[in-house]
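The values are calculated or read from the model by the stated rules, or taken from the named source; none is laboratory data. Keep in mind that what you see is a predicted model, and the values were worked out from it rather than measured. Note that each Cβ is placed from the backbone with ideal geometry, even for glycine, and that neighbours are counted across all protein chains shown.
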Number of protein chains: 2
Amino acid sequence: MTFSEENYLKTIYHLTTASDSEVSTNAIAEKMETKASSVTDMLKKLADKGLVNYKKYQGVSLTEEGKLAAKMIVRKHRLWEVFLVEKLGFSWDEVHDIAEQLEHIKSEKLINKLDDFLDNPTEDPHGDPIPDREGRIVKIEKQLLSELSENQFGICVGVKDTSSEFLKYLDKQEIALGSKIEFLSKESFDLSLRIKVNGKELTISNKIASNLFVKLV
Amino acid sequence: MTFSEENYLKTIYHLTTASDSEVSTNAIAEKMETKASSVTDMLKKLADKGLVNYKKYQGVSLTEEGKLAAKMIVRKHRLWEVFLVEKLGFSWDEVHDIAEQLEHIKSEKLINKLDDFLDNPTEDPHGDPIPDREGRIVKIEKQLLSELSENQFGICVGVKDTSSEFLKYLDKQEIALGSKIEFLSKESFDLSLRIKVNGKELTISNKIASNLFVKLV
DNA sequence: AATTATTTTTAGACAAAACTAAAAATTATA
DNA sequence: TATAATTTTTAGTTTTGTCTAAAAATAATT
Ligand SMILES: [Mn+2]
Ligand SMILES: [Mn+2]
Ligand SMILES: [Mn+2]
Ligand SMILES: [Mn+2]
């Protein structure tokens with residue numbers, strides 16, 4: 001399997017698990033920053049290989065085989081991210097681009113040894129679940145901070161947006177995975193939130209709050 | 001720089017440091033298991049980029065820039081090999097193929113952090129020197145076991161052939177980096193050697209002896 | 001229902017990196 | 001030195017993955 005094929009599979013996987021339906025040619029093109037015609041070409045190839053279900057003009061989904069392949073790429077990506085943060089001391093906003101390269105290294109033995117070396121983590125540095133060697137994923141209970149009601153408490157367990165800008169913003173506000181967040185109030189005009197983290201009160205926009213996953217406590 | 005360009009640079013580097021002269025199109029083709037015409041195409045491209053000195057029919061050598069680039073690829077290859085053996089528990093005959101992939105990962109910060117994580121090793125699992133971040137190499141004193149004289153002692157410090165078959169043979173004979181080897185005698189008929197390792201006497205062919213580097217003690 | 005807008009596919013082209021076959025240059029040999 | 005053998009380069013294809021422009025299909029609006 002080529003890097004390009006792997007990247008398409010991964011994108012289709014992310015798009016289908018996000019929306020839980022068939023995904024359109026344009027959606028793939030936009031996510032991959034390429035042209036729709038290129039996507040069509042690749043979908044035909046992936047369909048020939050039995051990795052996707054594709055009928056002209058009807059959108060696309062992964063076959064069982066394609067889904068497993070995609071999960072293995074995601075597994076590699078997230079395990080390498082854990083390695084970079086836990087062992088090499090990278091910060092969580094630096095690891096994604098490097099993991100985009102490392103996820104294409106082909107060796108099942110390597111990734112399983114890496115898994116063991118890292119003590120078989122179930123989540124990556126952004127709170128995303130890591131598929132095990134059979135492709136199984138343990139879903140964790142979580143909801144967006146923006147969906148909490150007043151005076152509820154949540155533990156930060158993940159981020160929806162994993163861009164460097166957002167992660168650096170969180171660093172600045174001293175919000176990290178594991179941070180306890182108290183939802184104080186919501187401003188009805190702009191939906192901004194008043195919260196309390198690390199003993200400090202803070203106002204955050206709705207955009208921030210709807211990119212932070214928390215677990216109710 | 002593409003993977004292919006990097007592989008050509010690395011091959012030219014190995015061939016020029018082995019023979020210390022201009023290297024031929026055919027030599028590159030043979031080492032890379034490709035055709036001479038493909039090599040010619042690539043040499044033109046590398047020359048355009050200022051990475052090699054190339055004149056038609058005259059052979060090729062690396063420019064300073066090309067040499068540094070090649071050294072950085074070798075550095076990555078060998079550091080990853082150390083990681084695979086020291087941290088993940090691979091044996092020395094399993095790591096080369098995986099390192100062939102990992103050497104193309106692009107991130108200077110990654111490789112320098114890996115270097116520190118491994119405590120800045122100066123040699124890889126096969127006894128080959130690891131260039132530092134400026135490309136400097138500390139050459140170690142070594143000679144082939146086949147060049148020793150009777151009753152001399154040597155410490156095994158490296159292998160010339162790094163094929164899996166040879167390395168597994170050494171494992172079987174319990175010869176590893178650091179093993180103390182006593183040269184007992186040489187059979188003039190076939191140049192085979194009688195040696196003593198780990199208290200045991202052993203007969204090895206000349207082919208074996210001329211692929212084992214030792215340091216005189 | 002007909003027209004318009006959007007999405008998707010097809011057709012044709014291009015760059016990278018490989019190949020085969022043939023030509024040109026170099027090297028070896030008689 | 002002339003001829004033969006070898007090496008290297010050139011010319012022309014192929015495959016992969018991309019692109020643009022045009023055609024076809026689908027979806028949205030009058
Ligand atoms: Mn990532
Ligand atoms: Mn992640
Ligand atoms: Mn190696
Ligand atoms: Mn090595």
Please state which of the following conditions A:SER38 fails to meet, knowing it meets all the rest: (1) closer than 27 Å to B:ASP97 by Cβ; (2) not assigned by the TED database to the domain that holds A:PRO125; (3) not basic (Lys, Arg).
(1)
Would you confirm whether or not the range A:28-42 contains a residue that is modelled with pLDDT under 95 and away from ligand 2 (no atom under 16 Å from the Cβ)?
no
Residue list for the range B:109-136, restricted to those being in contact (Cβ under 8 Å) with a residue 24 or more places away in the chain, within 11 Å of chain A (Cβ to nearest Cβ) and surrounded by fewer than 17 Cβ atoms within 10 Å (Cβ to Cβ):
B:LEU118
For the range B:87-129, enumerate the residues that are more than 16 Å from ligand 4 (Cβ to nearest atom) and among the hydrophobic types (A, V, I, L, M, F, W, C).
B:ILE105, B:LEU110, B:PHE117
Quick check on the range B:137-144. Is at least one of its residues surrounded by 15 or more Cβ atoms within 10 Å (Cβ to Cβ) and touching an Asp or Glu at 6+ places or on another chain (Cβ under 9 Å)?
no
Assuming B:ASP132 fulfils every condition listed in (1) part of a helix (DSSP H, G or I); (2) more than 16 Å from ligand 1 (Cβ to nearest atom) apart from one, which condition is it?
(1)
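A quick yes/no check of all residues on (1) closer than 20 Å to A:ASP97 by Cβ; (2) assigned by the TED database to the domain that holds A:GLY89; (3) assigned to a loop (DSSP other than H, G, I, E, B):
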{"site": "A:GLU150", "(1), (2), (3)": "no, no, yes"}
{"site": "A:THR162", "(1), (2), (3)": "yes, no, yes"}
{"site": "A:PHE166", "(1), (2), (3)": "yes, no, no"}
{"site": "A:SER185", "(1), (2), (3)": "no, no, no"}
{"site": "A:LYS207", "(1), (2), (3)": "no, no, no"}
Is there a residue being exposed (fewer than 15 other Cβ atoms within 10 Å of the Cβ) and either within 14 Å of another protein chain (Cβ to nearest Cβ) or in contact with a helix residue (DSSP H, G or I) (Cβ under 8 Å, 6 or more places away or on another chain) (or both) anywhere in the range B:66-81?
no
The lone exception for B:ASP116 - which of (1) in a helix (DSSP H, G or I); (2) under 18 Å from the mean Cα position of the chain (by Cα); (3) within 25 Å of A:GLU94 (Cβ to Cβ) it fails
(2)
Taking the range B:84-107 on its own, how many of its residues are hydrophobic (A, V, I, L, M, F, W, C), in a helix (DSSP H, G or I) and facing another protein chain (nearest Cβ under 7 Å)?
2
The lone condition B:ASN26 fails out of (1) under 21 Å from the mean Cα position of the chain (by Cα); (2) crowded, with 16+ Cβ neighbours inside 10 Å is (2)
Going through (1) assigned to a helix (DSSP H, G or I); (2) more than 14 Å from chain B (Cβ to nearest Cβ) one by one, A:ASN53 fails only at (1)
I'd like to check something: does the range B:89-105 contain any residue that is closer than 21 Å to A:VAL85 by Cβ, of a type outside the set (A, V, I, L, M) and in contact (Cβ under 8 Å) with a residue 12 or more places away in the chain?
no
